[in-house]
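Please read the structure below before turning to the comments.
The values are calculated or read from the model by the stated rules, or taken from the named source; none is laboratory data. Fair warning: this is a prediction, and the values are worked out from it, not measured in the lab. A quick note on method: Cβ atoms are made from the backbone with ideal geometry, for glycine too, and the neighbour counts reach across all protein chains shown.
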Amino acid sequence: METCSEVMAEKPNPGTPSDSSEWLFSFGVIADIQYADLEDGYNFQGSRRRYYRHSLLHLMGAIEEWNKESSMPCCVLQLGDVIDGYNAQYKTSEKSLELVMNTFQMLKVPVHHTWGNHEFYNFSRDYLTNSKLNTKFLEDQIVHHPETVPSENYYAYHFVPFPKFRFILLDAYDLSVLGIDHSSPKYQQCMKILREHNPNTELNSPQGHIPIYPEASDAVCLAWNYSDALAVIWSHKCVVCFFAGHTHDGGYSEDPFGVHHVNLEGVIETAPDSQAFGTVHVYSDKMMLKGRGRVPDRIMNYKKEFPF
């Protein structure tokens, strides 16, 4: 990635690593912006305050800091729910998305967008596929085996920002009743799964999101098939870290296989006098998350038998 090669020329000072560490590259992380042109409100349970308008100012502040960092990130990961579902109710979805995406244009490096449930509250999958939230053009071009070619609107890809480090963006709502035509076979398949496994009377209950490790997430936000996802990750000894949003309060744990699970604190529930984003500095033997505001600093060592 050209941006990364330009960053490499700078002399970084991202933290205080041990003398044996070699700084390689950095990337930014932010989650759950959930912007809407609304007065402050509350979460699904009515227990936590949400700052709908101020979330855009938080994003602006994060971009301003990333742009002036001495070790500027080579890219930023936006972990989903970029605008709030309330936009659909007030018919402001497109306007709000445009405002947020125009704000992201102030950033000097590429942004990789993941899709969360709030994207699908506002838009169909077809709309998202043709929107600025589709950053699949940033993927590494590879030759697919004929049997593994993804469907046109399946949103997942991977890229290598630095040699030996591969980032994979997952399509967590590929099987979902959200964002697809109600007359489609896939909708019927997903509704059948939902009715079989969802004990809630309200099928749109927030019980089930994207985080996949129980020790790093509350039960509400844990993906239903988290054990399947963990089995895949644990079958590959090279996995270093899994990033997700959605918990809003954040969470962290290192699993028994040495994989770090980071659930980032959400912008939407961050008070105006704080912040919620971070920069991850990647070294030869560890990753160091430098958090801002509600996001704490973390040191995440690699498994000792697999140094980079």
_Test: residue in segment 237-257 that is in contact with a Cys (Cβ under 8 Å, 6 or more places away or on another chain) and either at pLDDT 95 or above or assigned to a loop (DSSP other than H, G, I, E, B) (or both)_ = no
*If we keep just the residues of segment 272-304 that are among the β-branched types (Val, Ile, Thr) and crowded, with 21+ Cβ neighbours inside 10 Å, which is farthest from Ile63 (Cα to Cα)?*
Val282
_Against the condition on the phi < 0 side of the Ramachandran plot, loosely packed, with under 13 Cβ neighbours inside 10 Å and at pLDDT 80 or above, how does Ile233 come out, does it pass?_
no
*Can you tell me which residues in segment 68-91 are over 22 Å from Thr114 (Cβ atoms) and free of Cβ contacts under 8 Å to residues at least 60 places away in the same chain?*
Lys68, Gln89, Tyr90, Lys91
*Quick check: is even one residue across segment 192-206 loosely packed, with under 14 Cβ neighbours inside 10 Å, modelled with pLDDT of 75 or more, out of contact with any helix residue (DSSP H, G or I) (no Cβ under 6 Å at 6 or more places or on another chain) and assigned to a strand (DSSP E or B)?*
no
_Conditions (1) modelled with pLDDT of 95 or more; (2) touching an Asp or Glu at 6+ places or on another chain (Cβ under 8 Å); number of the one not met by Asn43_ = (1)
*Of all residues in segment 40-67, which are touching a residue at least 60 places away in the same chain (Cβ under 8 Å), more than 12 Å from Thr279 (Cβ to Cβ) and out of contact with any Lys or Arg (no Cβ under 7 Å at 6 or more places or on another chain)?*
Phe44, Arg48, Arg49, Arg50, Tyr51, Tyr52, His54, Ser55, Leu57, His58, Leu59, Gly61
